[in-house]
Amino acid sequence: MEENKKKEEKQEIKFEEALARLEAIVAQLENGGLSLEESMAQFEEGMRLNKLCQAKLKEAEQKIERLVRKDDGSLSWEQKG
Amino acid sequence: MEEAQRPLTVSEVNRAVKTSVERSFPQIWVRGELSDLTVHASGHVYFSLKDATSQLRGAAFRYAQQAQQMRLERGMEVDVCGRITVYEPRGEYQLQASSITPVGAGELNRLFEELKLKLGAEGLFDPSRKRPIPTMPRIIGLITSWSGAAIQDFLRVLNRRFSGMHVRVIPSLVQGAEAPPKLIKAIEYFNKTQSCDVIVLTRGGGSVEDLWAFNDEQLARAIAASELPVVSAVGHERDHSISDFVADYAAATPTAAAEFLVRGKAELGERLETIEQRMTGVMQLRVANLHRRYERASSCPMLSHPEDYVNRLSQQVDYLGARLLSALPGLATARRQRLDYLESRLLQALPGLATARRQRLDYVESRLLQVLPSLATTRRQRLDAAAERLPQAMERQMEERTHRLERVAVGMKALNPKSVLTRGYSILLDSGGHAVRRADETFEGAKLHALLGDGELDVAVESVKES
């Protein structure tokens, strides 16, 4: 579970990074001053990042857990089917 | 009564009793159990009050609304204010009530206000104590009844906004005397294990007694002591509980709590959409600008008909060359005349030196006559060379410009969706000619039109899978 948590944190950071990069790209595109080739490349990267972020927002797996007491008396999270 | 020579009429007795009774009980306060309760369509309320041994009939006029608000029920202990009246036609007396208040509710209300004052004085409700609620909680810790309406409402709204939420539920009693210790334990468990980012304490609507568990002093202290931020969502909009005051955020309903917790995600979704619009907007503008420049450049005559330009220039060279050549003989003649003139003057002025000078002059003259034609030839050659170089330079310049144009055209081609198609992608159009960009924009059995790089296909949708 600890590992799971770390993984989620990593994803979270990745999302924030992607969003920051995305906003930098938009600012750069809007400021102009890039050659056509450069702005095409930036645009393509921006669209890719945007799609990635949207997917991350919406497609994360739903998880509902319930705290249950097991036979040995210990408590644990049980996934709701 | 001694004076009465005749028996009294029934009406006279009832009127006399009425006068006497109403004078004796103008304002009384009675406590008893509601043993009978009828709310008439007229809005009047008829009831009986009883204790262990006795019963009293009563009425409250235009009291239906209040009775409903206070949830008056049979068996309820109530305090009634009013006066005793006599109904003459039947010779019956009754308690005419101006207010009926449940005893328990009054008591609970007093306890609620007392606790609110006490905890408020301790500073438990201070805004400065409120912990911020994370805008994008990764794990929501829900404390509520596993079978109640609240959990259904909460999860439904969460799901509707964003499917991918992680919720951990600690089932708990949410009403009755057993509830507060269970709720407290759940809060403590989440804090001890740090197994969520935010705690949500919730239950659906109910009577004052049903919601009473959330006015527990120990529960309030557990909420205040929680390290994790706590959201309280108890009952309906009009219900207020001590847990609402002490929690870091009070949501009016379980639904509102769910909406509040996904606000960050909702806002991010909107931000991403705005970014996408801005990016495509900038690029469209850019492409439109390039297109305009390309049109302008390609309509310039020098580029559309370069041979005309070169022809015109070489014509000018020919013309200048011809002028030069025609001027040369005239130039020679003028010199010759000048020489003749000088010669005659010389001969006149210096007859003595005639011979030597004459020889010298003859020599100069012959040199001059030799040089003049070759001078003309050299000039002509230089002109010819210049005329030859000019078209070459023009051609080079033309080549360079064409090259630049081609580079622009290649850049523009990359923006053209058709050029993407040649890389193996295709565009799907629906029957209206609109591009299908997402699976949910079409349906099973739909006839679509696919554009490929080098042709078109009519296709049918076999199944739709949204991802």
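The values are calculated or read from the model by the stated rules, or taken from the named source; none is laboratory data. Keep in mind that what you see is a predicted model, and the values were worked out from it rather than measured. Cβ coordinates were reconstructed from backbone atoms using ideal geometry, including for glycine residues, and neighbour counts include every protein chain displayed.
The rows are residues; the columns are (1) touching a helix residue (DSSP H, G or I) at 6+ places or on another chain (Cβ under 7 Å); (2) more than 19 Å from A:Lys58 (Cβ to Cβ); (3) surrounded by 11 or more Cβ atoms within 10 Å (Cβ to Cβ).
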position	(1), (2), (3)
B:Asp430	no, yes, yes
B:Gly433	no, yes, no
B:Arg437	no, no, no
B:Gly445	no, yes, no
B:Leu451	yes, yes, yes
B:Leu457	no, yes, yes
B:Glu462	no, yes, no
B:Glu466	yes, no, no
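Results for (1) in the same structural domain as B:Gln381 (by TED's automatic domain parsing); (2) part of a helix (DSSP H, G or I); (3) modelled with pLDDT under 75; (4) surrounded by 14 or more Cβ atoms within 10 Å (Cβ to Cβ), shown as yes or no for each residue.
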residue: B:Asn289; (1), (2), (3), (4): no, yes, no, no
residue: B:Arg292; (1), (2), (3), (4): no, yes, no, no
residue: B:Leu313; (1), (2), (3), (4): yes, yes, yes, yes
residue: B:Asp318; (1), (2), (3), (4): yes, yes, no, no
residue: B:Leu331; (1), (2), (3), (4): yes, yes, yes, no
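Of everything in the stretch B:191-223 that is closer than 28 Å to B:Glu73 by Cβ and of a type in the set (Gly, Ala, Ser), the residue that is surrounded by the fewest Cβ atoms within 10 Å (Cβ to Cβ) is B:Ser207. Among the residues of the stretch A:38-80, the ones that are of a type in the set (Val, Ile, Thr) and under 30 Å from B:Val408 (Cβ atoms) come to 0 in all. Residues considered: B:Val174, B:Val169. Of these, the only one that is β-branched (Val, Ile, Thr), within 14 Å of chain A (Cβ to nearest Cβ) and surrounded by 20 or more Cβ atoms within 10 Å (Cβ to Cβ) is B:Val169. Condition test on B:Ala393, is it modelled with pLDDT of 70 or more and under 30 Å from B:Glu307 (Cβ atoms)? Yes, satisfied.
Scanning the stretch A:61-81 for residues that are more than 7 Å from chain B (Cβ to nearest Cβ) and of a type in the set (Lys, Arg) returns A:Arg69, A:Lys70, A:Lys80. Checking each residue of the stretch B:127-142 against the condition of being touching a Phe, Trp or Tyr at 6+ places or on another chain (Cβ under 8 Å), within 14 Å of chain A (Cβ to nearest Cβ) and either in contact (Cβ under 8 Å) with a residue 24 or more places away in the chain or not in a helix (DSSP H, G or I) (or both) gives at least one match. Which one of these is farther than 23 Å from B:Glu209 by Cβ and of a type in the set (Val, Ile, Thr): B:Val39, B:Val17? Every option except B:Val17 fails the conditions. Taking the criterion of being outside any strand (DSSP E or B) and loosely packed, with under 14 Cβ neighbours inside 10 Å, the residues of the stretch B:67-93 that qualify are B:Gln68, B:Gln69, B:Arg71, B:Glu73, B:Arg74, B:Gly75, B:Pro89, B:Arg90, B:Gly91. Against the test of being more than 30 Å from B:Phe190 (Cα to Cα), buried (at least 18 other Cβ atoms within 10 Å of the Cβ), in contact with a Leu (Cβ under 9 Å, 6 or more places away or on another chain) and hydrophobic (A, V, I, L, M, F, W, C), the options B:Ile140, B:Ile100, B:Ile133 yield a single qualifying residue, B:Ile100. Evaluated against (1) surrounded by 14 or more Cβ atoms within 10 Å (Cβ to Cβ); (2) touching a residue at least 60 places away in the same chain (Cβ under 8 Å); (3) farther than 30 Å from B:Val198 by Cβ, B:Met279 falls short on exactly one condition, (2). Consider the stretch B:1-41 and keep the residues that are out of contact with any Asp or Glu (no Cβ under 8 Å at 6 or more places or on another chain) and polar (S, T, N, Q). The one that is surrounded by the most Cβ atoms within 10 Å (Cβ to Cβ) is B:Ser35. Checked against (1) over 22 Å from A:Lys58 (Cα atoms); (2) within 14 Å of chain A (Cβ to nearest Cβ); (3) within 35 Å of the chain's Cα centre (by Cα); (4) crowded, with 22+ Cβ neighbours inside 10 Å, B:Leu183 passes all but a single condition, namely (3).
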